[in-house]
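In what follows, a single structure is set out as structure tokens and then discussed.
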Amino acid sequence: MRATSLPSISVPPRRAGTAIRRMLAAAAALLLTGGVVVGLAAPAAADPPEVRLVNLCGAVDFTWSTGTIGGDESWPTTVLRNGAVIDEFVMRDRGGATYVAGDGDIFEIRREGLPERTYAHRVPDGCTGAPELTATAKDECFSLVLTFVNGGDTPVTGLQMLLPGSAPRELDPVGPGSIAQFFDLADGDPFQVRGPVPGGGWATLLSGRYHQPERCTPDAVKVRFTDVCDGVRVDLASTAGGVIRVETIAPGGTGGGALLAPGDTGRIDVVAAPGTVVQVRDAVTGVEFGRHTIGTSTCGSPDPSPTGAEPGGTEPPSPGGGPGTGGGLPVTGVRTALFSVAGLLLLSAGAVLFLLARRRRLRFTTADGR
């Protein structure tokens, strides 16, 4: 059998090199196009968020880097100290914050995409005199109440309150134990309490925003005044949705105060002279709820009884004259009974004497009947 050979095709070397280059160029263009499509569809790469804690004397310093590449991403973030919220802010791609801390305090930063983790503060070597201070906030009807707890032996000084549109406000020293301080804020106002860090700088003790409870208006406190013999009685009733601290102002007299819970009632007795103007108001802001002028005293001593009896037990005089007069009504009661008993006794005695006399006459009768 004779083999058949296929005709051979010869390509000039110069044209072969050109074809290869065209194929490589087309492949590169295809890869580049695919890369652009993938790049447009895939989000920006990001490393896991990183939060670092550095222990300072009396404080902890947090720094973070979210690892995002470009963009304007932000995340609502909450900071807790020993389970209580002390700060809320919006975390950007990187930043930092410093917080007041005591030895052993547990901190937690909560943020979407951040692994759950707690951080324990440890006092660095050589740190002495760091304050042991915590603070909590409560929204009342007309004020923000900050309660400070100083667990140390010495007063904590240098605290400041930061409010929008004003210079830092110096706060009163906080002695050992617990103390409450009150602040007049507008609804929605942010606030921050900070303290100095040994060695320089500031650390946040507490921050937040004041939210006024519902129905907190001056007419939410109903006031009723009742004049009494030594002043005025003030009855209170609240329809507000928050706590109200009430005080009374009575120039020259003795006022008082009351703490009204939502929907609560109360009473304040004010001792003051007639003519005194009594004002009822909020104890923090001075918002007035009512005022009253005390009238003439309504109490007086009762007239003494002419018979010396207790007040209210005096026997009224007999119509037409007093006892023993000829124009009175017939005597009744105890004296009538006494007269009746005396008469019966006299009658009984007369009957006895009569019987004795008769018996004696019979005893001396003679035998013959004479």
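The values are calculated or read from the model by the stated rules, or taken from the named source; none is laboratory data. Predicted model, so just to flag it, every value in this text is computed and none were measured. Please note: Cβ atoms are built from the backbone with ideal geometry, for glycine as well, and neighbour counts cover all protein chains shown. Accessible surface is based on the protein model in full, side chains and every heavy atom, while ligands, DNA and RNA are left aside. Shrake-Rupley method; radii C 1.70, N 1.55, O 1.52, S 1.80 Å.
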> Across region 131-146, which residue is modelled with the lowest pLDDT among those that are open to solvent by less than 60 Å² (accessible area, probe 1.4 Å), part of a loop (DSSP other than H, G, I, E, B) and within 25 Å of Thr78 (Cβ to Cβ)?
Replying inline: Pro131
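Can you name the residue in region 210-230 that is within 30 Å of Glu88 (Cα to Cα) and free of Cβ contacts under 8 Å to residues at least 40 places away in the same chain and, of all such residues, is surrounded by the most Cβ atoms within 10 Å (Cβ to Cβ)? Steps first, please.
Let us first name the residues in region 210-230 that are within 30 Å of Glu88 (Cα to Cα), namely 210-217.
Cutting the leftovers down to free of Cβ contacts under 8 Å to residues at least 40 places away in the same chain gives us 214-215, 217.
Working: Glu214: 12, Arg215: 15, Thr217: 13.
So, considering only residues that are within 30 Å of Glu88 (Cα to Cα) and free of Cβ contacts under 8 Å to residues at least 40 places away in the same chain, the one surrounded by the most Cβ atoms within 10 Å (Cβ to Cβ) is Arg215.
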> Across region 187-202, what is the total count of residues that are surrounded by fewer than 19 Cβ atoms within 10 Å (Cβ to Cβ), more than 20 Å from Thr285 (Cα to Cα), among the small types (Gly, Ala, Ser) and in contact (Cβ under 8 Å) with a residue 12 or more places away in the chain?
Replying inline: 2
> Out of region 57-99, which residues are crowded, with 18+ Cβ neighbours inside 10 Å, more than 30 Å from Lys138 (Cβ to Cβ) and of a type in the set (D, E, K, R)?
Replying inline: Asp93
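Would it be correct to say that Gly102 is more than 15 Å from Gly208 (Cβ to Cβ) and either free of Cβ contacts under 8 Å to residues at least 40 places away in the same chain or open to solvent by 40 Å² or more (accessible area, probe 1.4 Å) (or both)?
Values: more than 15 Å from Gly208 (Cβ to Cβ): yes; either free of Cβ contacts under 8 Å to residues at least 40 places away in the same chain or open to solvent by 40 Å² or more (accessible area, probe 1.4 Å) (or both): no.
Answer is no for this residue.
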> Does region 147-169 hold any residues that are within 18 Å of Ala101 (Cβ to Cβ) and in a strand (DSSP E or B), and which are they?
Replying inline: Phe148, Val149, Asn150, Val156, Gln160
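Return yes when Leu236 is closer than 30 Å to Asn55 by Cα and modelled with pLDDT of 95 or more and no when it is not.
On the way: closer than 30 Å to Asn55 by Cα: no; modelled with pLDDT of 95 or more: yes.
Spelling it out, it is not the case that Leu236 is closer than 30 Å to Asn55 by Cα and modelled with pLDDT of 95 or more.
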> So which of Arg215, Arg245, Arg267, Arg194 ends up being of a type in the set (Lys, Arg), part of a strand (DSSP E or B) and over 30 Å from Thr157 (Cα atoms)?
Replying inline: Arg267
> Inside region 277-293, can you point out the residues that are modelled with pLDDT under 95 and in contact with a Pro (Cβ under 7 Å, 6 or more places away or on another chain)?
Replying inline: Val287
> Out of (1) over 16 Å from the mean Cα position of the chain (by Cα); (2) surrounded by fewer than 19 Cβ atoms within 10 Å (Cβ to Cβ); (3) not β-branched (Val, Ile, Thr), the odd one out for Asp184 is which?
Replying inline: (1)
